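Following: one structure in structure tokens, then a few remarks.
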């Protein structure tokens with residue numbers, strides 16, 4: 001089985017220049033953090049030809065517009081700069097990495113939401129994102145999000161989501177996607193929970209979500225024969241994801257984007273071989289505070305011999321990409337400025353309304 005590095009996603013030269021600042025600094029930080037990385041990201045295999053080939057599957061979701069570390073105690077977690085640092089540390093091993101986003105990454109409030117979401121998406125594309133799921137938050141500003149995704153070249157996977165515009169219905173993304181990594185063919189599927197209604201938006205768009213079971217049963221047979229492993233990206237709860245996988249069958253790995261931080265995988269599991277009745281469930285929590293990391297030890301036929309399933313906190317044990325950290329600071333300054341303007345406008349509107357009420361009361 002031939003193993004290679006993950007291919008780069010083609011993005012604009014502007015983004016490449018902006019993020020290029022941190023390459024040297026990140027390399028130095030990598031040397032500082034390498035000892036911790038072995039512990040956090042899984043031990044490097046050194047048993048020669050007898051060792052099973054390794055593929056790393058990295059999946060985070062539900063950023064909810066969070067691009068900086070949280071204000072958590074006792075130590076802040078997350079942030080795009082640390083996500084970048086963890087990925088660089090992992091890729092430096094020379095082992096294949098499949099990088100996925102599980103959806104619901106968008107900010108949905110405030111005057112700066114477009115700025116925030118474009119920055120998040122450009123950063124994820126720069127981090128060699130192989131595919132992304134469409135979450136409900138992405139529907140809040142669908143035209144812009146779809147345009148950013150198309151421009152970046154990052155494919156959107158959505159097996160059961162349809163967009164209707166002016167009487168014409170189309171899929172919100174590809175129903176399935178085959179990605180080859182490390183000699184393995186991964187078949188990606190993605191399901192969204194049914195929406196309460198097909199809610200029309202101001203731009204005459206509406207969305208329809210097909211029943212997840214029906215959508216998977218219709219799509220799965222055509223992809224199963226072409227891949228080694230079937231991966232489900234789920235915007236359902238962990239319990240619903242597990243139940244769906246058991247009901248449909250044929251799902252080797254389920255990545256749950258709706259798990260809370262308390263539900264995330266925190267330990268390791270080994271020597272478990274998935275079958276049509278057994279699915280590896282990976283949960284990384286929310287807001288990018290933890291690094292969803294599944295290490296697969298596979299044989300030459302694509303069969304999983306064992307795996308490690310962990311989600312370490314993205315805290316100071318991981319280096320930050322200095323270039324991305326610099327851009328995060330710039331975006332924060334701009335977002336704060338826009339927020340201050342928005343608050344002043346709201347206060348002026350309130351004052352004017354109060355004055356009219358007071359004049360009418362005299």
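For region 120-133, which residues satisfy the criterion of being in contact (Cβ under 8 Å) with a residue 60 or more places away in the chain, touching a helix residue (DSSP H, G or I) at 6+ places or on another chain (Cβ under 6 Å) and either over 14 Å from residue 328 (Cβ atoms) or buried (at least 23 other Cβ atoms within 10 Å of the Cβ) (or both)? Listed by number, the residues that qualify are 123, 125, 126. With the structure loaded, tell me whether residue 94 is modelled with pLDDT of 85 or more and surrounded by fewer than 23 Cβ atoms within 10 Å (Cβ to Cβ) or whether it fails that test. Judged against the criteria, residue 94 is a match.
When residue 149 is tested against (1) part of a helix (DSSP H, G or I); (2) touching a strand residue (DSSP E or B) at 6+ places or on another chain (Cβ under 7 Å); (3) under 21 Å from residue 55 (Cα atoms), only condition (3) is not met. Among the residues of region 53-64, the ones that are assigned to a loop (DSSP other than H, G, I, E, B) and over 12 Å from residue 289 (Cα atoms) come to 1 in all.
Residue 257 falls short on exactly one of the conditions (1) at pLDDT below 85; (2) surrounded by fewer than 24 Cβ atoms within 10 Å (Cβ to Cβ); (3) under 28 Å from residue 185 (Cβ atoms), and that condition is (2). Could you go through region 298-309 and let me know if any residue there is at positive phi and in a loop (DSSP other than H, G, I, E, B). Yes, there is a match, as at least one residue in region 298-309 is at positive phi and in a loop (DSSP other than H, G, I, E, B). Taken across region 293-310, residues that are touching a helix residue (DSSP H, G or I) at 6+ places or on another chain (Cβ under 7 Å) and at pLDDT 90 or above do occur, with at least one present.
Per-residue answers, yes or no, for (1) in contact (Cβ under 8 Å) with a residue 60 or more places away in the chain; (2) surrounded by fewer than 22 Cβ atoms within 10 Å (Cβ to Cβ); (3) within 25 Å of residue 54 (Cα to Cα):
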{"site": "290", "(1), (2), (3)": "yes, no, yes"}
{"site": "293", "(1), (2), (3)": "yes, no, yes"}
{"site": "305", "(1), (2), (3)": "yes, yes, yes"}
{"site": "323", "(1), (2), (3)": "yes, yes, no"}
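When the criteria are applied in full, residue 245 meets the requirement of being modelled with pLDDT under 95, surrounded by 16 or more Cβ atoms within 10 Å (Cβ to Cβ), more than 18 Å from residue 180 (Cα to Cα) and out of contact with any helix residue (DSSP H, G or I) (no Cβ under 7 Å at 6 or more places or on another chain).
When you check residue 270 against the structure, is it surrounded by 13 or more Cβ atoms within 10 Å (Cβ to Cβ) and either farther than 27 Å from residue 313 by Cβ or modelled with pLDDT under 90 (or both), yes or no? So residue 270 does not fit the description; no.
Please determine, by comparing only the residues of region 233-256 that are touching a residue at least 40 places away in the same chain (Cβ under 8 Å) and in a strand (DSSP E or B), which one is farthest from residue 278 (Cα to Cα). In this case the residue turns out to be 235. Considering every residue within region 75-89, establish whether at least one is under 17 Å from the mean Cα position of the chain (by Cα), over 30 Å from residue 147 (Cβ atoms) and crowded, with 22+ Cβ neighbours inside 10 Å. The answer is yes; a qualifying residue exists. When residues in region 152-170 are screened for being farther than 21 Å from residue 235 by Cα, more than 18 Å from the chain's Cα centre (by Cα) and not in a loop (DSSP other than H, G, I, E, B), 3 of them pass.
For region 100-119, a residue qualifies if it is within 16 Å of the chain's Cα centre (by Cα), outside any loop (DSSP other than H, G, I, E, B) and over 23 Å from residue 232 (Cα atoms), and the qualifying residues are 116, 117, 118, 119. Checking each residue in region 92-110 for being touching a strand residue (DSSP E or B) at 6+ places or on another chain (Cβ under 7 Å) and farther than 14 Å from residue 255 by Cα picks out 95, 96, 97.
The values are calculated or read from the model by the stated rules, or taken from the named source; none is laboratory data. Since this is a predicted model, take the numbers as computed values, not measurements. Positions of Cβ are generated from backbone atoms using ideal geometry, with glycine treated the same way; all protein chains shown enter the neighbour counts.
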